[in-house]
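Visitor: Got a structure for you, written out below as structure tokens; questions coming shortly.
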Amino acid sequence: MTVAIVKYNAGNIYSVDYALKRLGIDPLITADKEILQKADKVIFPGQGEATQTMQYLKAHRLDELIVGFKQPVLGICIGMQLMCKFSEEGNVDCLGIFDTPVLKFHPQKQENKIPHIGWNNLANLKSDLYREIPDGIFTYFVHSYYVPVNEHTIAETDYILNFSASMHKDNFYATQFHPEKSGSAGELILKNFLNL
Amino acid sequence: MLAKRIIPCLDVKDGTTVKGINFINFRDAGDPVELGRQYSEHGADELVYLDITASHEGRKTFLDLVRRVAANINIPFTVGGGINELKDVDALLNAGADKVSVNSAAIRRPELIGEIAKNFGSQVCVVAIDANIVEKPEPTFRLNHPQWIPQWICFLNGGRISTGKNLFDWAKEAENRGAGEILFTSMKHDGVKNGYANEALRTLSLSLGIPIIASGGAGTKEHFRDAFIEGKSDAALAASVFHFGEIAISELKAYLAEEGVVVRKISI
């Protein structure tokens, strides 16, 4: 099985590489369209800012490539947010795979610190991505923007409000949290993705 | 619910983990990667690796160590020590670090915080602050401040140089400039195992909108509880109590859960 990681101007791409290597997979980190197109699985990871990353994807025509993927794709963190329709982070149009906006967290009380950093629970788990994973499992989040719960939501997390911790539509999967940094729970989620 | 984080801190010198007692007298505490892996397995939520030689003995990169940590450990980790410019940050993040902590360099040139936030995102930028309560300033300084009242003052280079900056003012400035978290070490409490600086932590936590990591003073499980409940910290960092096996992280988390503190359980 070939697994490709989309190489673009987002941070933390190498954490996914390391995580897959721990699972015995040696992924290709590439922006090469042909390699990405042919890969059995594609991971679209990263941490970054929506406007700059979208600009980069467009400039390198990776935007149309990603939207056209037929194999299972996993977007992580900013990857998931870029797969949405629009982001309030810089008010930028994104890839539009998931028909939902990305909104900024607004603190409701003093203890609502932003960014949402740390381990939080997943609830209402659906889809094969969460096979053998119990509701309530903790995963690691780092973000200041969120995706509201919508028809594609397959996991929810409560911070300030209930938001989409994960989504699924056709061959596209996405997590707001970082499975590559979420201990053994995250490893199981990555394994489940590789087994799709 | 968002869990309170337990963060073992590994001070690294020449590739070995050490812990200073009040910033001097180092005692050896093992291989940093192996130690980190064990902590991770026992339920640590995050790790901090500080290259403690860096800021006063010149920059010694510990990039190789960072790569080994990233390859072997599946929880987030922050690296700090001797980060002076953007290219240091870039190299550490590329080696696999999740966040960087800046301390002296940010006080000397506060613009660094904004540069890191702009280029890599606020979530990457932990601003570490070493502060102590200054009861009486230096005589020359006192001439200009006859009404001096004891206050928290930030220090540079592992506690060697006073900056005259007030802790709370500097923390607020760091937040405004784009810091993602504040890691506050009380020099007065550090290494003496008598509890964290809960009052100062609480003031920080209530006045800032970003997470606060408590550091300095952990000696018992109760101290962690107090840092979370009284100090309102989002995370608590400790070193020697973990390194020397005085507190097991799994037991600490079980205790905190009983005390009503939300902590992450490892259920897989």
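The values are calculated or read from the model by the stated rules, or taken from the named source; none is laboratory data. As the structure is a prediction and not an experimental result, all values here were calculated from the model. FYI the Cβ positions are ideal-geometry reconstructions off the backbone, even for glycines, and counts take in every protein chain you see.
Visitor: Residues to consider are A:Ile154, A:Ile160; find the one that is more than 30 Å from A:Lys33 (Cα to Cα) and β-branched (Val, Ile, Thr).
Guide: Only one candidate passes the filter, namely A:Ile160.
Visitor: Okay, moving on. Only one of these conditions is not met by A:Glu111: (1) within 12 Å of chain B (Cβ to nearest Cβ); (2) over 20 Å from B:Ile210 (Cβ atoms); (3) without any contact (Cβ under 8 Å) to a residue 12 or more places away in the chain. Which number is it?
Guide: For A:Glu111, the failing item is (2).
Visitor: So if I check each of A:Ile76, A:Ile66, which one is in contact with a strand residue (DSSP E or B) (Cβ under 7 Å, 6 or more places away or on another chain), within 14 Å of chain B (Cβ to nearest Cβ) and modelled with pLDDT of 95 or more?
Guide: From the options A:Ile76, A:Ile66, the qualifying one is A:Ile76.
Visitor: Would you be able to say whether some residue in the range B:216-237 is touching a residue at least 60 places away in the same chain (Cβ under 8 Å), crowded, with 24+ Cβ neighbours inside 10 Å and farther than 14 Å from B:Arg5 by Cβ?
Guide: The answer is no, given that none of the residues of the range B:216-237 is touching a residue at least 60 places away in the same chain (Cβ under 8 Å), crowded, with 24+ Cβ neighbours inside 10 Å and farther than 14 Å from B:Arg5 by Cβ.
Visitor: Please work out which one of (1) out of contact with any Asp or Glu (no Cβ under 6 Å at 6 or more places or on another chain); (2) surrounded by fewer than 19 Cβ atoms within 10 Å (Cβ to Cβ); (3) of a type in the set (Gly, Ala, Ser); (4) touching a residue at least 24 places away in the same chain (Cβ under 8 Å) is the condition A:Ala123 fails and give its number.
Guide: Only one criterion in (1) out of contact with any Asp or Glu (no Cβ under 6 Å at 6 or more places or on another chain); (2) surrounded by fewer than 19 Cβ atoms within 10 Å (Cβ to Cβ); (3) of a type in the set (Gly, Ala, Ser); (4) touching a residue at least 24 places away in the same chain (Cβ under 8 Å) is unmet by A:Ala123, namely (1).
Visitor: Going through the range B:93-123 one residue at a time, which ones are aliphatic (A, V, I, L, M), touching a Leu at 6+ places or on another chain (Cβ under 7 Å) and under 18 Å from B:Glu46 (Cβ atoms)?
Guide: Scanning the range B:93-123 gives B:Ala95, B:Val100, B:Val102.
Visitor: Has the range A:9-17 got any residue that is within 14 Å of A:Met80 (Cβ to Cβ), assigned to a helix (DSSP H, G or I) and touching a helix residue (DSSP H, G or I) at 6+ places or on another chain (Cβ under 6 Å)?
Guide: yes
Visitor: Inspect all residues belonging to the range A:99-111 and state whether any of them is crowded, with 20+ Cβ neighbours inside 10 Å, outside any strand (DSSP E or B) and under 16 Å from the mean Cα position of the chain (by Cα).
Guide: no
Visitor: Considering only the range A:32-58, state which residues are modelled with pLDDT of 95 or more and of a type in the set (Gly, Ala, Ser).
Guide: The answer is A:Ala39, and nothing else.
Visitor: While we're on this one: Please go through the range B:196-231 and pick out each residue that is away from every other protein chain (no Cβ under 11 Å) and either of a type in the set (Gly, Ala, Ser) or part of a strand (DSSP E or B) (or both).
Guide: Answer for the range B:196-231, where residues must be away from every other protein chain (no Cβ under 11 Å) and either of a type in the set (Gly, Ala, Ser) or part of a strand (DSSP E or B) (or both): B:Ala197, B:Ala200, B:Ala214, B:Ser215, B:Gly216, B:Gly217, B:Ala218, B:Gly219, B:Ala227, B:Gly231.
Visitor: Still on this structure, please answer the following. Pick out, from the range A:130-180, the strands (runs of 3 or more DSSP E) lying fully within it that include 3 or more residues that are more than 11 Å from chain B (Cβ to nearest Cβ) and touching a residue at least 24 places away in the same chain (Cβ under 8 Å).
Guide: A:153-159, A:161-169, A:172-175
Yes or no, residue by residue, for (1) assigned to a strand (DSSP E or B); (2) out of contact with any helix residue (DSSP H, G or I) (no Cβ under 7 Å at 6 or more places or on another chain); (3) modelled with pLDDT of 90 or more; (4) of a type in the set (A, V, I, L, M, F, W, C):
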| position | (1), (2), (3), (4) |
| --- | --- |
| B:Phe155 | yes, yes, yes, yes |
| B:Gly158 | no, no, no, no |
| B:Asp169 | no, yes, yes, no |
| B:Gly191 | no, yes, no, no |
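Visitor: Condition first: touching a Pro at 6+ places or on another chain (Cβ under 7 Å) and buried (at least 17 other Cβ atoms within 10 Å of the Cβ). Can you find one or more residues in the range A:50-69 that meet it?
Guide: Looking for residues that are touching a Pro at 6+ places or on another chain (Cβ under 7 Å) and buried (at least 17 other Cβ atoms within 10 Å of the Cβ), one finds none in the range A:50-69, hence no.
Visitor: Can you pull out every residue in the range A:114-129 that is at negative phi and away from chain B (no Cβ under 11 Å)?
Guide: If the condition is that a residue be at negative phi and away from chain B (no Cβ under 11 Å), then A:Leu122, A:Leu125, A:Lys126, A:Asp128, A:Leu129 are the ones that fit.
Here's the yes/no breakdown for (1) surrounded by 24 or more Cβ atoms within 10 Å (Cβ to Cβ); (2) within 14 Å of chain A (Cβ to nearest Cβ):
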{"residue": "B:Lys99", "(1), (2)": "yes, yes"}
{"residue": "B:Ala106", "(1), (2)": "yes, no"}
{"residue": "B:Arg109", "(1), (2)": "no, no"}
{"residue": "B:Gly114", "(1), (2)": "no, yes"}
{"residue": "B:Asn119", "(1), (2)": "no, yes"}
{"residue": "B:Cys125", "(1), (2)": "yes, yes"}
{"residue": "B:Asp130", "(1), (2)": "yes, no"}
{"residue": "B:Val134", "(1), (2)": "no, no"}
{"residue": "B:Pro139", "(1), (2)": "no, no"}
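Visitor: Criterion first (of a type in the set (D, E, K, R), out of contact with any Lys or Arg (no Cβ under 7 Å at 6 or more places or on another chain), part of a helix (DSSP H, G or I) and surrounded by fewer than 17 Cβ atoms within 10 Å (Cβ to Cβ)) does B:Glu175 satisfy it?
Guide: So B:Glu175 fails the test.
Visitor: With a cut-off of at least 2 residues that are within 14 Å of chain A (Cβ to nearest Cβ) and at pLDDT 75 or above, name the strands (runs of 3 or more DSSP E) lying wholly within the range B:1-83.
Guide: Filter on the range B:1-83 gives B:5-13, B:47-51, B:77-80.
Visitor: Anything in the range A:1-17 that is farther than 21 Å from B:Lys118 by Cα and surrounded by fewer than 20 Cβ atoms within 10 Å (Cβ to Cβ)? List them, or say none.
Guide: If the condition is that a residue be farther than 21 Å from B:Lys118 by Cα and surrounded by fewer than 20 Cβ atoms within 10 Å (Cβ to Cβ), then A:Met1, A:Thr2 are the ones that fit.
Visitor: Now a separate question. Those residues that are more than 14 Å from the chain's Cα centre (by Cα) and among the charged types (D, E, K, R), I need them from the range B:220-243; list them, please.
Guide: Passing the criteria: B:Lys221, B:Glu222, B:Arg225, B:Asp226, B:Glu230, B:Lys232.
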